[in-house]
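J.: Have a look at this one before I ask anything.
The values are calculated or read from the model by the stated rules, or taken from the named source; none is laboratory data. Values in this document were obtained by computation on a predicted structure and should not be read as measured data. For neighbour counting, all protein chains shown are included, and Cβ atoms are generated from backbone atoms with ideal geometry for every residue, glycine included.
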Amino acid sequence: MENEKETVVEITEIESHDFDLSALTAKNSDYVHSVTRGLLLAGKSDEEVKTILADIIPQIVAAQKTGVTARNLLGTPTEFIEGYKPKEADKNQKYTNTDPKLMILDSILLLFSLLAGLYGIMMEFNKTGVYYGLTTLILSSIVGGLALYQVYRNQLEAAQKKEKQSFWKRSRPTLFLILYMLAWVVVTSVTAFLPAVINPLLNGVTMIILAVLVFGGRYLLKRRFKIVSAMTARPRTR
């Protein structure tokens, strides 16, 4: 209890003496408070927390003018804090990146490399099969990458929420996945009718080479920015 009280005092001191939160909406102010508390509990020093807040508060203020909340901009407080937590599983990895844009890009590149590689191998063994063009594979990978990230978000939020949820909140993840699945079917079906100039059908060897290059680019990007994979196992609720 003493540690909890000390943490509350530190939060109050950091926020009141170093930042003007009056420009924030009530929801965004609560978000900043949650992030501050979480960073302190994660072991960050006062100065480190101040540096982080000095970076995100102007972003939050600018975003809320366009109707974008801090949660939409930066993810949930837990997701944001996760990016600043050292991972026990890998002590040499001091930082992991949960930026939604990078995680989605990582998923898209992974799916494209897998699809292109699979198609390339199939085309080499079965020349008479029906295959999709490059544009179809790209758009399908984009939809699939968004779906993978949605699954990641759903499982992460489910692990955080211990209170009883309404039927709509429990059903929302499933509805999102159904929508993504329908989008994938529509994209695949519609783009299959595009002319070869827009949706070229490459030969098997070219597809395999392209798959290897994309997978290699994904590996370098992931290593450079420490991107967390959307397929990473999430904590489970008990």
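J.: Which one of 109, 105 is in contact with a strand residue (DSSP E or B) (Cβ under 9 Å, 6 or more places away or on another chain) and in the same structural domain as residue 207 (by TED's automatic domain parsing)?
T.: Details: 109 fails: in contact with a strand residue (DSSP E or B) (Cβ under 9 Å, 6 or more places away or on another chain).
Being in contact with a strand residue (DSSP E or B) (Cβ under 9 Å, 6 or more places away or on another chain) and in the same structural domain as residue 207 (by TED's automatic domain parsing) holds for just one of 109, 105, which is 105.
J.: So the check is Cβ under 7 Å with 6+ separation or different chains; which pairs have a first residue in the range 182-205 that's under 24 Å from residue 126 (Cβ atoms) and a second one that's of a type in the set (Phe, Trp, Tyr)?
T.: Matching pairs, first to second residue: 188/132; 192/132; 201/131.
J.: Taking the range 19-48 on its own, how many of its residues are of a type in the set (A, V, I, L, M) and either more than 23 Å from the chain's Cα centre (by Cα) or not assigned by TED's automatic domain parsing to the domain that holds residue 74 (or both)?
T.: 6
J.: Determine whether residue 65 is at pLDDT 85 or above and assigned by TED's automatic domain parsing to the domain that holds residue 23. Don't jump to the end; show me each part of the working.
T.: Details: at pLDDT 85 or above: yes; assigned by TED's automatic domain parsing to the domain that holds residue 23: yes.
It is true that residue 65 is at pLDDT 85 or above and assigned by TED's automatic domain parsing to the domain that holds residue 23.
J.: Does residue 79 qualify as being modelled with pLDDT of 80 or more, in contact with a Leu (Cβ under 8 Å, 6 or more places away or on another chain), assigned to a helix (DSSP H, G or I) and among the charged types (D, E, K, R)?
T.: Numbers: modelled with pLDDT of 80 or more: yes; in contact with a Leu (Cβ under 8 Å, 6 or more places away or on another chain): yes; assigned to a helix (DSSP H, G or I): yes; among the charged types (D, E, K, R): yes.
For residue 79, the condition - modelled with pLDDT of 80 or more, in contact with a Leu (Cβ under 8 Å, 6 or more places away or on another chain), assigned to a helix (DSSP H, G or I) and among the charged types (D, E, K, R) - is met.
J.: Among the listed residues 34, 29, which satisfies the condition of being at pLDDT 80 or above, crowded, with 17+ Cβ neighbours inside 10 Å and in a helix (DSSP H, G or I)?
T.: Values: 29 fails: crowded, with 17+ Cβ neighbours inside 10 Å.
Exactly one of 34, 29 is at pLDDT 80 or above, crowded, with 17+ Cβ neighbours inside 10 Å and in a helix (DSSP H, G or I), namely 34.
J.: Which one is modelled with the lowest pLDDT among residues in the range 154-194 that are in contact with a helix residue (DSSP H, G or I) (Cβ under 6 Å, 6 or more places away or on another chain) and of a type in the set (S, T, N, Q)?
T.: Restricting to residues being in contact with a helix residue (DSSP H, G or I) (Cβ under 6 Å, 6 or more places away or on another chain) and of a type in the set (S, T, N, Q), the top hit is 160.
J.: Give the residues of the range 174-199 that are outside any helix (DSSP H, G or I) and over 16 Å from residue 141 (Cα atoms), sorted by residue number. It would help to see each step written out before you state the result.
T.: Applying the first criterion (outside any helix (DSSP H, G or I)) to the range 174-199 yields 192-199.
Correct list: 193, 194, 195, 196, 197, 198.
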